[in-house]
Amino acid sequence: MVNVIFCGFGEDMDKRVIAREGDVLLRVAMNNGVTIPSECKDGMCGSCAVRIEELHEEAPAEFESKVDPDAWDEKKYTTYMEDKELDTLVEMGAISKKEAETAQQYVQQTPVRLACQCIIKGPMLVKPFE
Ligand code: FES
């Protein structure tokens, strides 16, 4: 379990929540009352773009994950971004083509993600994309 902090979405929506690694960021937001626009939920429209910062803090001990790490499919939990997401972000001008290529080459995530495509890998700070 990891901390996900929503900041800048509005007084009632700015909060810290505990999320499961492997969960989709948009679903975590919706389940916790944080409104992120989402027209297609398929990585095509760009309406759910958010700014992401990776954090290096641990979730509280009482939320320690009970999942057996040996049973995980590691590939499922990488920060790998699908071409569809990168293409949409480049098209909307949120990232440059060079940033998209670097993200692909080094299996990194870009500082702007589509919440509907963003698999939670670790603690993160999430801000609106403006
Ligand atoms: S909701 Fe359309 S790209 Fe995420």
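The values are calculated or read from the model by the stated rules, or taken from the named source; none is laboratory data. Quantities reported herein were computed from a predicted structural model and do not represent experimental measurements. Note that each Cβ is placed from the backbone with ideal geometry, even for glycine, and that neighbours are counted across all protein chains shown.
Numbers for the structure displayed
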quantity	calculated
Residues that are in a helix (DSSP H, G or I) and either among the acidic types (Asp, Glu) or modelled with pLDDT under 65 (or both), drawn from the range 52-84	ALA61, GLU62, PHE63, PRO69, ASP70, ALA71, GLU74, LYS75, LYS76, TYR77, ASP83
Within the range 85-112, tally of residues that are within 16 Å of the ligand (Cβ to nearest atom) and either among the hydrophobic types (A, V, I, L, M, F, W, C) or at pLDDT below 95 (or both)	10
Whichever residue in the range 91-121 is among the β-branched types (Val, Ile, Thr) and out of contact with any Asp or Glu (no Cβ under 8 Å at 6 or more places or on another chain) and, among such residues, is surrounded by the fewest Cβ atoms within 10 Å (Cβ to Cβ)	VAL107
All positions within the range 14-45 that are closer than 15 Å to LYS127 by Cβ and in a strand (DSSP E or B)	LYS15, ARG16, VAL17
Meets criteria (modelled with pLDDT of 95 or more and over 14 Å from the mean Cα position of the chain (by Cα)) for CYS48	no
Given (1) surrounded by 17 or more Cβ atoms within 10 Å (Cβ to Cβ); (2) under 19 Å from GLY122 (Cα atoms), index of the condition CYS48 fails	(2)
